[in-house]
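Here's the structure we're looking at; comments come further down.
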Amino acid sequence: MQFTRRNLLKSALVASPMLVAARALGLDGETAPSEKVRVGVIGLGGRGTYIATILQQTKDAQLVAVCDIFKQRVDNYLKNRSDWLKGYDDFRKMIETEKLDGVCCETATHQRAWVAINAMISGANVYIEKPMALTIQEGRAMVEAARKLDKVTQVGTQQRSLPLCRWACDQIANGAIGKVKTVIVPNFVGPNVIPNDPKYNLDPKDCEPWWDVWTNQAKLRACLPEIQYGWSNWADYDAGGQCFGVSGWGTHSFDQMQMAIGTSLTGPVRIILEEPCTIQDSGKFTNRPYSEDETGAEYYHMAKVVGPRGKIRALFPNGVEARFELDGDRGPGLGCIVVGEKGKLEINRHKIASNPKELAASLPEEARNTRDETVYHLENWVECIKTKKKCNADVEIGQRSTTICELVNIVRATAPVGKVINWHPETEKFENLAEGNALLSRPRREGWELPKV
């Protein structure tokens, strides 16, 4: 007889039926431990710690282990927690030892592709924090790895699983505002470039082993707090990961746009930079009363940042024009405004507004978000691991939304103002922007090449 967890549980029931808790039997709505999806978390920074906590509220998931290259983080997380939760500093050893069904990749962006692909090779399905990759090329490599290895993937754009956002997109698809003509999203702030200053340089012989691991594919620089803890502000490590940044909030906004206008598996075909990219404040931020229809008011105070910005227009294959123009103190910072022939609908994660107002007012109770936004998304991933179906934000969908973030930065950096730039979503290349094609990938530091699948 093969000794599986399920068989051992059955044996225990026969031996002492009165001592088994109802949850071990899967009674009272509880999933039996043998039926739960065993999950680990890679990276215990702020987001990773949050995900580890939310996993414990997620139906059919069992948090088994956590991992971080910083031992102190692991030790701190394990304090006063159950003995069965294990800690590791090597995620591949964690996956193998704990026989994990899935892992949540909560690393810094520049580490994410390398970690996610290695996790898939090690046998795990992956939940990938957004933005899922640092470049368009490595995002495509992640898609190919997931397909070749037949892994279930979910990218962390939670609105794909939120009842309110799904209902709103269904209304658009069903013609509630007529044929869609335009979609409006914020003019997000891009990443900063590390100054050419000797203080950022590092002699490789002075590098600590953990800093080499943290640096991953990027250029080896001095270990400074503004890099280690402020990595999302720099182009070496992210595409603008701060609040109201191109990849920080933009991944959510652009994914909501893709979902709303029906372009989830493609991307823009024409892109125009409307003004020079300059260092700007993210908005005017005047003191003013907010109307009840402003879906983003609760986020305005978080959106005040300074960095490179420039308005863009883009055309999608279905004829919808996208305008990247909203400031941080106006409109849906994490969503979009969809304009049709018969009205408009503004979607912003937890709130919608419309013209005519009757559309938003018709939101049914079952379409309202009632739980933490990430619980819905994690539960979809866990369910798909069990059924082997594609998730709401499958890696291909994540690649398309993340690509728009990269396109914004590349066009701002290389395109002449007013020139129509042709982009081919199928080949993921520019037709008439050679300088842009040079930025679709980056040289990776020796020893940190993406693994071959």
Note on Gln258: of the conditions (1) open to solvent by 30 Å² or more (accessible area, probe 1.4 Å); (2) over 17 Å from Glu325 (Cβ atoms); (3) not hydroxyl-bearing (Ser, Thr, Tyr), unmet is (1)
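Each row is one residue, and each column tells you yes or no for (1) aromatic (Phe, Trp, Tyr); (2) surrounded by 14 or more Cβ atoms within 10 Å (Cβ to Cβ); (3) at pLDDT 95 or above.
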site	(1), (2), (3)
Phe285	yes, yes, no
Glu292	no, no, no
Gly307	no, yes, yes
Lys311	no, yes, yes
Ala314	no, yes, yes
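Filter region 236-246 for residues that are under 22 Å from Asp68 (Cβ atoms) and either open to solvent by 10 Å² or more (accessible area, probe 1.4 Å) or touching an Asp or Glu at 6+ places or on another chain (Cβ under 6 Å) (or both) and give the result.
Pass one, region 236-246, residues under 22 Å from Asp68 (Cβ atoms): 236-238, 241.
Asp236, Gly241 - these are the residues of region 236-246 that are under 22 Å from Asp68 (Cβ atoms) and either open to solvent by 10 Å² or more (accessible area, probe 1.4 Å) or touching an Asp or Glu at 6+ places or on another chain (Cβ under 6 Å) (or both).
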Over region 262-282, the set of residues open to solvent by less than 10 Å² (accessible area, probe 1.4 Å), closer than 25 Å to Ala303 by Cα and not in a strand (DSSP E or B) is Ser282
If we keep only residues of region 200-230 that are touching a strand residue (DSSP E or B) at 6+ places or on another chain (Cβ under 9 Å) and of a type in the set (D, E, K, R), then the residue least open to solvent (accessible area, probe 1.4 Å) is Arg221
Within region 318-348, the residues that are within 13 Å of Met257 (Cβ to Cβ), assigned to a loop (DSSP other than H, G, I, E, B) and open to solvent by 20 Å² or more (accessible area, probe 1.4 Å) are Asn318
Output for Cβ contacts, cut-off 6 Å, separation at least six or different chains, first residue of a type in the set (D, E, K, R) in region 246-271, second in a helix (DSSP H, G or I), reads Asp255/Ser401
Those residues of region 293-317 which are touching a residue at least 60 places away in the same chain (Cβ under 8 Å) and part of a loop (DSSP other than H, G, I, E, B) amount to Asp293, Ala303, Lys304, Val305, Gly310, Lys311, Pro317
Of the listed residues (Asn80, Asn76), the one being open to solvent by 30 Å² or more (accessible area, probe 1.4 Å) and either part of a loop (DSSP other than H, G, I, E, B) or among the acidic types (Asp, Glu) (or both) is Asn80
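What strands (runs of 3 or more DSSP E) completely inside region 89-199 contain at least 2 residues that are closer than 30 Å to Tyr299 by Cα and either open to solvent by 20 Å² or more (accessible area, probe 1.4 Å) or modelled with pLDDT under 95 (or both)? Full working, then the answer.
Numbers: elements: 102-105, 125-128, 153-155, 180-186.
By residue number, 180-186.
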**Request:** Using the structure shown, decide if Asn233 is open to solvent by less than 30 Å² (accessible area, probe 1.4 Å), more than 28 Å from Val420 (Cβ to Cβ) and in contact (Cβ under 8 Å) with a residue 12 or more places away in the chain.
**Result:** no
For region 48-86 the number of residues that are closer than 25 Å to Glu383 by Cα and not polar (S, T, N, Q) is 17
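The values are calculated or read from the model by the stated rules, or taken from the named source; none is laboratory data. Since the model is a prediction, treat every value here as computed from it, not as a measurement. Please note: Cβ atoms are built from the backbone with ideal geometry, for glycine as well, and neighbour counts cover all protein chains shown. We work out accessible area using only protein heavy atoms, side chains counted, and drop any ligands, DNA or RNA first. Shrake-Rupley method; radii C 1.70, N 1.55, O 1.52, S 1.80 Å.
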